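Report on the following structure.
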Amino acid sequence: EDPFEAGIGFTVSRAKADDFVGKDALARRRENPRARLVGLTVTEPEALGGELPSGQVRSGDDQVGVVTSACDSPFVGAPIALARVATTAAAPGLTLSVSATPDGATASASVTRIPFYDPEKSRPRS
């Protein structure tokens with residue numbers, strides 16, 4: 001795990017002139033992260049039987065990530081989640097499956113941009 005995978009890469013300065021332990025490794029990870037933090041909107045909430053998504057994120061038969069947190073969103077009108085997924089599965093609009101319970105209930109989820117609420121910042125502010 002590193003700041004780029006956690007979605008807080010902005011905290012690591014590119015311009016720091018001083019040398020420090022791990023500087024080269026962080027530069028490599030900035031360019032080639034293994035995973036990304038993405039938003040998921042559950043498109044089949046009824047398949048989860050009222051549970052929120054938790055656990056594995058899958059693309060077909062392959063596990064590509066994990067749900068880090070989830071909640072019901074009245075604004076979106078569906079359960080939403082944050083998940084850390086492989087960079088190959090992080091494209092907005094991609095359909096993945098999420099699990100909710102250990103018994104294997106799964107539902108489809110769409111990869112969405114974060115923040116869920118007004119990502120284009122086009123809504124007027126008061």
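Please go through segment 31-52 and pick out each residue that is of a type in the set (A, V, I, L, M), part of a strand (DSSP E or B) and open to solvent by less than 50 Å² (accessible area, probe 1.4 Å). Quick ask: steps written out before the conclusion?
As a first pass, look at segment 31-52 and keep what is of a type in the set (A, V, I, L, M): 35, 37-38, 40, 42, 47-48, 52.
Applying the additional criterion that residues be part of a strand (DSSP E or B) yields 35, 37-38, 40, 42.
Ala35, Val38, Leu40, Val42, listed by residue number.
Could you tell me whether segment 9-30 includes any residue that is in a loop (DSSP other than H, G, I, E, B), touching a residue at least 40 places away in the same chain (Cβ under 8 Å) and either of a type outside the set (Phe, Trp, Tyr) or touching a helix residue (DSSP H, G or I) at 6+ places or on another chain (Cβ under 8 Å) (or both)?
At the first step, the residues of segment 9-30 found to be in a loop (DSSP other than H, G, I, E, B) are 12-22.
Imposing the further condition that a residue be touching a residue at least 40 places away in the same chain (Cβ under 8 Å) reduces the set to none.
Taking every residue of segment 9-30 in turn, none turns out to be in a loop (DSSP other than H, G, I, E, B), touching a residue at least 40 places away in the same chain (Cβ under 8 Å) and either of a type outside the set (Phe, Trp, Tyr) or touching a helix residue (DSSP H, G or I) at 6+ places or on another chain (Cβ under 8 Å) (or both).
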Odd one out for Leu96 among (1) in contact with a helix residue (DSSP H, G or I) (Cβ under 8 Å, 6 or more places away or on another chain); (2) closer than 17 Å to Ala6 by Cα; (3) buried (at least 17 other Cβ atoms within 10 Å of the Cβ): (2)
Residues of segment 64-89 satisfying the condition of being in contact with an Asp or Glu (Cβ under 9 Å, 6 or more places away or on another chain), closer than 18 Å to Glu46 by Cβ and not hydrophobic (A, V, I, L, M, F, W, C): Pro79
Boolean, Gly39 is touching a helix residue (DSSP H, G or I) at 6+ places or on another chain (Cβ under 7 Å) and closer than 23 Å to Pro3 by Cβ: no
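The values are calculated or read from the model by the stated rules, or taken from the named source; none is laboratory data. Quick caveat, the model's predicted, so the values are computed rather than measured. When we count neighbours, we look across all protein chains shown, and the Cβ atoms used for this are built from the backbone with ideal geometry, even at glycine. What goes into the accessible areas is simple: the full protein's heavy atoms, side chains included, and nothing from ligands, DNA or RNA. Shrake-Rupley method; radii C 1.70, N 1.55, O 1.52, S 1.80 Å.
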